[in-house]
């Protein structure tokens, strides 16, 4: 099944001279890795095509690659490929309708918004799907492309610890390393090395989280807090992954003001048991059963989601 959709996507890519690649707002390494690797492999395979990777950057992950700016006229005459984004509301940087569109995503289905949609919930990451796309078509693979994809896979599986890491994940990563000659041992330093201010900010989150009697932990992060520690919303949101394996917490979340996205509130939620994506979907978000995110208009909406998440923790504990 995946081999046929890969070949279909490759044929569509061949048809268009202008291609735009987007992903979700508040990008993580998988969103950026899949997006930028796809851009590079298309450029390497078809040097005459114009290929753009768009969206607001995240300074924490600038080592993965740089992003482009496009105007509405360029979008209108281009093929759009969106990676790692289950719903249209969360696509970053698209202001008008493209000529044709493709979605490549590993999250549970939320809505159809592209002409062709490849959704694989069994895949650990969008980056794994791009590896599969490359290996099943004539798209070229270089060490630079492989590095971006390896970063995406490692980040979304937390170094292959999460349950949706499969034998297929290891098989595809092995093929990726073999075919590209990737030296993956040096990648971890880039991925996990952090400035001291981020360590201090992580300590601030730990010390200021509210933890309910039901095991739900959360913090609302204002622009003043971000400015004090000199971090951005994406950095703050991705820190949610650092609070696994705490006895007293079964669901945890951070809600962060994002001044680069009209002062909306970026919500990042994780779980060690309760299913959260169904609740988050009711607030315009989505994701996996135990890892989800959303974009809210204000902290009042965040308070309503906080109440709902605490309630599912209560129900989970009771059951």
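The values are calculated or read from the model by the stated rules, or taken from the named source; none is laboratory data. Nothing here was measured: the structure is a model prediction, and the numbers come from that model. Positions of Cβ are generated from backbone atoms using ideal geometry, with glycine treated the same way; all protein chains shown enter the neighbour counts.
Within the range 120-132, restricting attention to residues that are in contact with a helix residue (DSSP H, G or I) (Cβ under 9 Å, 6 or more places away or on another chain) and outside any helix (DSSP H, G or I), which residue is surrounded by the most Cβ atoms within 10 Å (Cβ to Cβ)?
Once the filter is applied, the top-ranked residue is 125.
Condition test on residue 86, is it at pLDDT below 95 and either in contact with a strand residue (DSSP E or B) (Cβ under 8 Å, 6 or more places away or on another chain) or not in a loop (DSSP other than H, G, I, E, B) (or both)?
yes
Quick one: how many residues across the range 249-273 are modelled with pLDDT of 95 or more and over 20 Å from residue 286 (Cα atoms)?
1
Among strands (runs of 3 or more DSSP E) lying entirely in the range 1-83, which contain 3 or more residues that are buried (at least 22 other Cβ atoms within 10 Å of the Cβ)?
The qualifying strands (runs of 3 or more DSSP E) are 18-22, 79-83.
Quickly run through the range 276-294 and pick out the residues that are surrounded by fewer than 18 Cβ atoms within 10 Å (Cβ to Cβ) and either at negative phi or free of Cβ contacts under 8 Å to residues at least 40 places away in the same chain (or both).
278, 282, 289
Scan 108, 98 and give me the residue that is buried (at least 22 other Cβ atoms within 10 Å of the Cβ), assigned by TED's automatic domain parsing to the domain that holds residue 10 and part of a loop (DSSP other than H, G, I, E, B).
Only one candidate passes the filter, namely 98.
State whether the residues of the range 230-245 include one that is surrounded by fewer than 16 Cβ atoms within 10 Å (Cβ to Cβ), more than 15 Å from residue 205 (Cα to Cα) and in the same structural domain as residue 211 (by TED's automatic domain parsing).
yes
Please work out which one of (1) in contact (Cβ under 8 Å) with a residue 40 or more places away in the chain; (2) touching a strand residue (DSSP E or B) at 6+ places or on another chain (Cβ under 6 Å) is the condition residue 51 fails and give its number.
Checking residue 51 against (1) in contact (Cβ under 8 Å) with a residue 40 or more places away in the chain; (2) touching a strand residue (DSSP E or B) at 6+ places or on another chain (Cβ under 6 Å), the one that fails is (1).
Would you mind stating whether residue 117 is assigned to a strand (DSSP E or B) and over 14 Å from the mean Cα position of the chain (by Cα)?
Judged against the criteria, residue 117 is a match.
Between 304, 220, which is surrounded by fewer than 18 Cβ atoms within 10 Å (Cβ to Cβ) and modelled with pLDDT of 95 or more?
304
Taking residue 184 and the conditions (1) under 24 Å from residue 61 (Cα atoms); (2) at pLDDT 95 or above, which numbered condition does it fall short on, given that it satisfies the others?
Only one criterion in (1) under 24 Å from residue 61 (Cα atoms); (2) at pLDDT 95 or above is unmet by residue 184, namely (2).
Which numbered condition in (1) closer than 30 Å to residue 142 by Cβ; (2) crowded, with 19+ Cβ neighbours inside 10 Å; (3) at pLDDT 90 or above is the only one that residue 167 fails?
(2)
Given the condition out of contact with any strand residue (DSSP E or B) (no Cβ under 6 Å at 6 or more places or on another chain), surrounded by fewer than 18 Cβ atoms within 10 Å (Cβ to Cβ) and part of a loop (DSSP other than H, G, I, E, B), answer yes or no: does some residue in the range 171-181 qualify?
yes
Taking the condition of being buried (at least 22 other Cβ atoms within 10 Å of the Cβ), under 16 Å from residue 302 (Cα atoms) and out of contact with any helix residue (DSSP H, G or I) (no Cβ under 7 Å at 6 or more places or on another chain), how many residues in the range 254-275 meet it?
Number of matching residues: 0.
Please go through the range 204-223 and give me each residue that is without any contact (Cβ under 8 Å) to a residue 40 or more places away in the chain, assigned to a strand (DSSP E or B) and touching a helix residue (DSSP H, G or I) at 6+ places or on another chain (Cβ under 8 Å), ordered by number.
Selection gives 217, 219, 221.
Does any residue in the range 83-104 that is at positive phi come within less than 7 Å, Cβ to Cβ, of a residue that is assigned to a loop (DSSP other than H, G, I, E, B) six or more places away or on a different chain, and which pairs are these?
84/23; 93/55
Among the residues of the range 133-149, which ones are buried (at least 17 other Cβ atoms within 10 Å of the Cβ) and more than 26 Å from residue 291 (Cβ to Cβ)?
Scanning the range 133-149 gives 137, 139, 141.
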